[in-house]
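Structure, as structure tokens:
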6 protein chains.
Amino acid sequence: MRVQDCNWMQLEEYLREDDRIVLPCGSIEQHGYLSLGVDMILAERVSIEAADPLGVPVLPALPYGITPYFAAYPGSPTLSVETYKAVIRELLDSLYRQGFRRFLLVNGHGGNDPGGEAAAAWSAGYPDAQTVWHNWWKGARTWEVVQSIDTDASHASWLENFPWTRLAGVAQPQERKPMVAATIVESGAAQVREALGDGSFGGLYERPDDDVLRVWRAGVDEVRELIENGWTRA
Amino acid sequence: MRVQDCNWMQLEEYLREDDRIVLPCGSIEQHGYLSLGVDMILAERVSIEAADPLGVPVLPALPYGITPYFAAYPGSPTLSVETYKAVIRELLDSLYRQGFRRFLLVNGHGGNDPGGEAAAAWSAGYPDAQTVWHNWWKGARTWEVVQSIDTDASHASWLENFPWTRLAGVAQPQERKPMVAATIVESGAAQVREALGDGSFGGLYERPDDDVLRVWRAGVDEVRELIENGWTRA
Amino acid sequence: MRVQDCNWMQLEEYLREDDRIVLPCGSIEQHGYLSLGVDMILAERVSIEAADPLGVPVLPALPYGITPYFAAYPGSPTLSVETYKAVIRELLDSLYRQGFRRFLLVNGHGGNDPGGEAAAAWSAGYPDAQTVWHNWWKGARTWEVVQSIDTDASHASWLENFPWTRLAGVAQPQERKPMVAATIVESGAAQVREALGDGSFGGLYERPDDDVLRVWRAGVDEVRELIENGWTRA
Amino acid sequence: MRVQDCNWMQLEEYLREDDRIVLPCGSIEQHGYLSLGVDMILAERVSIEAADPLGVPVLPALPYGITPYFAAYPGSPTLSVETYKAVIRELLDSLYRQGFRRFLLVNGHGGNDPGGEAAAAWSAGYPDAQTVWHNWWKGARTWEVVQSIDTDASHASWLENFPWTRLAGVAQPQERKPMVAATIVESGAAQVREALGDGSFGGLYERPDDDVLRVWRAGVDEVRELIENGWTRA
Amino acid sequence: MRVQDCNWMQLEEYLREDDRIVLPCGSIEQHGYLSLGVDMILAERVSIEAADPLGVPVLPALPYGITPYFAAYPGSPTLSVETYKAVIRELLDSLYRQGFRRFLLVNGHGGNDPGGEAAAAWSAGYPDAQTVWHNWWKGARTWEVVQSIDTDASHASWLENFPWTRLAGVAQPQERKPMVAATIVESGAAQVREALGDGSFGGLYERPDDDVLRVWRAGVDEVRELIENGWTRA
Amino acid sequence: MRVQDCNWMQLEEYLREDDRIVLPCGSIEQHGYLSLGVDMILAERVSIEAADPLGVPVLPALPYGITPYFAAYPGSPTLSVETYKAVIRELLDSLYRQGFRRFLLVNGHGGNDPGGEAAAAWSAGYPDAQTVWHNWWKGARTWEVVQSIDTDASHASWLENFPWTRLAGVAQPQERKPMVAATIVESGAAQVREALGDGSFGGLYERPDDDVLRVWRAGVDEVRELIENGWTRA
């Protein structure tokens, strides 16, 4: 259930029986021909679909992440690593004081990984808190499905092209773009745009819905499995 | 238009003609019997309704704000003042580098006002940037409508009870709650809960839709007016 | 009981029934002819005598405080305001996570008052935590006893001259020193030493033990009363 | 001599002839069946016994250190690495301005080692200041004695069980506990408690006083040797 | 003498007899038709002319200061208040460790005044250090001369138009510009440029050299007087 | 052209055609028998000689750098790494907002290299900004000339002994000093002075002007080449 579909009395009731909560972590940034909101949309949706049958609350996605390397693409705001880590720490800290103990952070953008470090460092000092940072598309079982379909799968490629991240009226290129090494993000913003052009890191821009929905179902299942059994203590 | 309904090429196209953008600022926090997402929902929706006819892009709402005083109510995560100001500064800074120059921050939560200070301080050093921080429900014309209907209008009262912030199946109390002074938030979290009980600051919990929709239309009009004419330079 | 007279199993046992703890806050700094440790010694001893009959644990005194204005007197190390506040916040924070909820900070040095602000700000965000910052010699009833004896009572005067803060073999001046305004500490270290000379702020250097022990008993009683009843919630 | 047994005039006198001072660094934290104050007690006592014959002043122990990994054991408050380093820097800095030049920091807790880094970094910029960070129980000669007695010697084992760290009426287990790898502290607080149970890292819980007093005398001798000859310049 | 006309052996020699040093503080920023370096040039030159007969060393001017309000004028880089204060503190701190004790900071730009606060706060904790922050053009006697000549005297007016701040081949307007209130700098950069236009705050743009050289001589005399007698202790 | 030889109107004019600017980075620190200002003098002069024929503006040298290891030599003030990086970032940031896009930082002191890291990190997030950090004496072609003359070339040796860094009336030693390893700077200030004595890192103290002027011309040429062609984008 989405937190915004509850009031505080309902969460207080929930906390009498349970202490889990899910925070989706997104980024608003270029995704080639796809929506600027891909990472936010996918992290939030995969969390809600996974959590709903379990009755575990899902917070609104944190839309903004760490993406300085896409600075040359309009619509890609970024937070600094330091600020992002502070945001994660402070959200965990205040929710902990309100009774939550087990936090699943479902992340949709690789650049946000320092948030995972912040969460781990935070929880290390809390004997009764647990955090799990999960890059949903790279979960073992999900990634296995991806690889079984097409090993060229990357940022802004078919891997992120779902019915809910495509834009109406925007056609995708039909060719298979040569892969660009992920390390390009370590160079400056201008170099990144020069190297990436339209923004995709390579591969096909779209595949049949049958393919991407298989990826999606694996992603949802894997997040649900984590909500149920991803904890070292009950 | 919502930023997540665009790709970067469309925003780049937009920037050839315009440099305005809207950032809604919310908070996830107790709102009595209403949704924990009231501030986020209203700030984002009022922005989109106002901006859509103008074709100006609206970012996803920043869901999390500054609300330490509601710490005793589950589902009210807070950022520190310092971190919140950093988030605002960094979003403005990176969007500026991507070509945006006029920023309207439509805020739904009074506790976020340090974000307005951060925006003003940031833009002071940018000769060609402008920021406007707008608490939508307190805009002069909107507040006039509110007062003409019922002067007891506060946090979690009828003033925030819209068709899109009510929860299905949750009934509202029918009495008029005595007003609690807004300064209660300066005391500790436990005192705040003791003083507020269900979370409303007082007044009626609901009024006929005719009333609240008049407030809403005034709110949308006032935001639209700001997007069009709220700038000191074109 | 002193925390160093317990092991962790004993504190865990204690926490099953109670959640109070006392932190004495001292300073190592010039006290005229008296011990450099006056503030630490008094804060710790008054805490232990007050808490012992109640079985509430007393932490070791934090010996170091905020005393930049005594920089011209050897043996007066100081922490910065910022660091001191961080120390207080972090001690509270980690003890809270271990189960303590009510914290009495018994302070022996006026310059440490920013620690009280830090404690108040910290607890404001914790609905189930309480902190009390108590300057033991200025407690209402203790100060009344002081004033009934001699209104010239100040730093390094008879007011701090107890059997346990005097140094063997060091004689005290017999005259009544003219009072120096407390605001002298706002000037630089050199000015402070020039104005204070031996370090006392004025008044007699010693009084009969009958007098100072009356002050002491009032101080102990007042701290004990706070440990028992100084809380707004059980 | 203990600093709290002096007044400032006596330290000023001392500084005419000498510029050495000792700061013991402890931690309040679980030590199995032993006192929560073991690290503070040992660091302070070994310093005083070593320094007394030399007439070098010993500050009160800094009781609080860096021990986040023991967060699941009540009575183990921790400072952050950043704050701890600031405390060390600021104490050195203000004592330097008062005339001290050679600082021996006698440490009783391995987790405090960042304090040694802070001291080294601080003194690097002061041509006439020297700092030595000494983990007293790991000094070459002391550790040799330890190893000659029993190579299973660790946190909360016989190695820290002295007449002045035992608690009256608390019996020690009689078995030899299997050693736990020191790297366990790198995992979270809950894992640490699960792995350590009673808190000892392994080995016997007590040995005859003859043994531990040999360790003690070696420790005192080694600290005294450092006070006398541990400096690169007079 | 200029520090860059010495080697370290010469300064070490100087320190055997004296402990004074002068740090000029400038700013690179718009000065209407005059040099962008006016504040740096004047602060450094007035210091050197004043100090030379006394043999007191003058550091190179810190060229960069605090001037965010001139952001709309090219060639006006600014430091943040926080960074500027750190620069001042660190320069004082390291020079102190090298033997200097009396520091005269000769400032040429009003916006730098937080540097004076930083210097005062720094020296408050150093019993044997003194700092004087002197805005050279506002010294009592210098300002008296200015006022006796023309009360309209401001930033970028005749008051800063010396033979060594004029640019070859650049003519000055001949009219008397209406004065702009100094508080304009509190508004944003765009407003400042709109209000100031060419950058002068008003008054005549030039006056006969006889006038400005009288100001100059008063400025030099007043700085020299401070170097000689501006200290509270020798 | 030097920035202080321009007013803001002239820079605004320049920015219509160009967006390059040069910032020399120096340090005031011991250079043996040579001027304390060597690094500042050389960085500024090599920049001006290189830029003048091209009409590109050169800012005043930032005189102060990072040199904690020379703390035992009077006249060697230092900034902290953190503050230095902030200074570089803030100068770039404010000049960028005023229209500059290509920044050449000509550095004269190896210890300042963290400034280069700060510049690179800053520009990575600016798609249309470029920074080049150039240690002028270590440029490939300049260093080749140095090596062809004498491979013993180091701090305070003949390599920095130019007609504009020598002090009138100060004779140089005539012997060839044995080289000291550059890693000595990693030890404390006292050790550095003990190891270096007069401050030179070794080699001859002077060589004929023919030699050093060949180095100089190579240095100027290499900086000019960078101003012209050192950019990845026009």
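Assorted remarks:
- Taking a straight line from the alpha carbon of B:Lys85, these lysines sit under 18 Å away, with near neighbours fewer than eight places off in the same chain left out: A:Lys85.
- Neighbourhood charge, 14 Å Cβ-Cβ cut-off, centred on E:Val132 and excluding it, Lys, Arg +1 and Asp, Glu -1: 0
- Under Karplus coefficients 6.51, -1.76 and 1.60, residue-wise ³J(HN,Hα) of the stretch B:2-10 in Hz, glycine/proline x: 7, 4, 6, 9, 10, 10, 5, 5, 5
- Net charge dipole size for the protein assembly as shown [Lys, Arg +1 and Asp, Glu -1 on Cβ; Debye, nearest 20]: 0 debye
- Each residue in F:Thr165, C:Thr183 was given a count of other beta-carbon atoms within 10 angstrom of its own, and listing them fewest first yields C:Thr183, F:Thr165.
- The ellipsoid that matches the Cα gyration tensor of the stretch C:1-116 has semi-axes, each √(5λ) in whole angstrom, of 28, 16, 10, with the longest given first.
- Taking Cα atoms only, the orientation of helix C:140-149 departs from the longest principal axis of chain C by about 20 degrees.
- Rounded FRET efficiency, nearest 0.05, which uses the C-beta distance separating D:Asp128 from D:Asp210 and R0 of 41 Å: 0.40
- Value of D in µm² per second that Stokes-Einstein yields for the stretch F:44-103, Kirkwood Rh from Cα pairs, at 25 °C (0.890 mPa s): 179 µm²/s
- Averaged over peptide D:39-52, the number of partner chain Cβ atoms lying within 10 Å of each residue's Cβ comes to 0.
- Sorted from nearest, the other copies put their B:Pro208 label points 5.8, 8.4, 8.5, 9.7, 10.6 nm away, the label point being 7 Å from Cα in the direction of Cβ.
- Per-residue mean of C-beta atoms belonging to partner chains within 10 Å, peptide F:116-125: 3
- Helix A:38-51 axis, angle to chain A major axis (alpha carbon atoms, nearest 10°): 40 degrees
- Point-to-point label distance, C:Glu225-D:Glu225, nm (Cα→Cβ direction, 7 Å offset): 5.7 nm
- Our Cα-only numbers for chain F put the radius of gyration and Dmax at 18.0, 54 Å.
- Using only side-chain charges placed at the Cβ, +1 for Lys and Arg and -1 for Asp and Glu, the dipole size of the stretch A:1-72 relative to its Cα centre rounds to 220 debye.
- Assigned charges on the beta-carbon of Lys, Arg, Asp, Glu; the stretch C:31-139 dipole about Cα centre (debye): 100 debye
- Using alpha-carbon coordinates, inclination of helix D:209-229 to the longest axis of chain D, degrees: 20 degrees
- Per-residue Cβ neighbour rank within 10 angstrom, fewest leading, C:Leu196, B:Leu59: C:Leu196, B:Leu59
- Take D:Ala168, push a point 7 Å out from Cα through the beta-carbon direction, and compare it with the same point in every other copy: 2.4, 6.9, 8.3, 8.3, 9.2 nm, smallest first.
- Amide H to amide H, with H built 1.01 Å from N, D:Gly203 comes under 5 Å of D:Lys177, D:Met179, counting only residues 5 or more places away or on other chains.
- For GluC sites (Glu not before Pro), the sites in the stretch F:139-207 that DSSP calls loop and that have at most 15 other Cβ atoms within 10 Å are F:Glu175.
- Euclidean distance of C-alpha centroids, the stretch B:1-24 and the stretch A:123-174, integer Å: 25 Å
- Counting Cα-Cα pairs of the stretch D:61-170 in 10 Å increments starting at 0 gives whole-percent bin shares of 12, 36, 32, 17, 2, 0.
- Sorted shortest first, the distances from the F:Ser154 label point to those of the same residue in the other copies are 4.8, 4.8, 5.8, 5.9, 7.5 nm; each point sits 7 Å from Cα along Cα-to-Cβ.
- A from D by rotation - nearest chain D beta carbon to the axis, in Å: D:Glu82, 7
- Toward the positive end of the charge dipole of chain D, with +1 on the Cβ of Lys and Arg and -1 on the Cβ of Asp and Glu, the farthest Cα among D:Leu159, D:Gln174, D:Val185 is that of D:Val185.
- Net charge, D:Trp158 excluded, C-beta distance under 13 Å - Lys, Arg +1, Asp, Glu -1: -3
Readers should treat all values here as calculations from the given coordinates under stated rules, not as data from a laboratory. No experiment lies behind these values; they were computed from the predicted model shown. Heads up, the Cβs are rebuilt from the backbone with ideal geometry, glycines too, and the neighbour counts pull from every protein chain shown.
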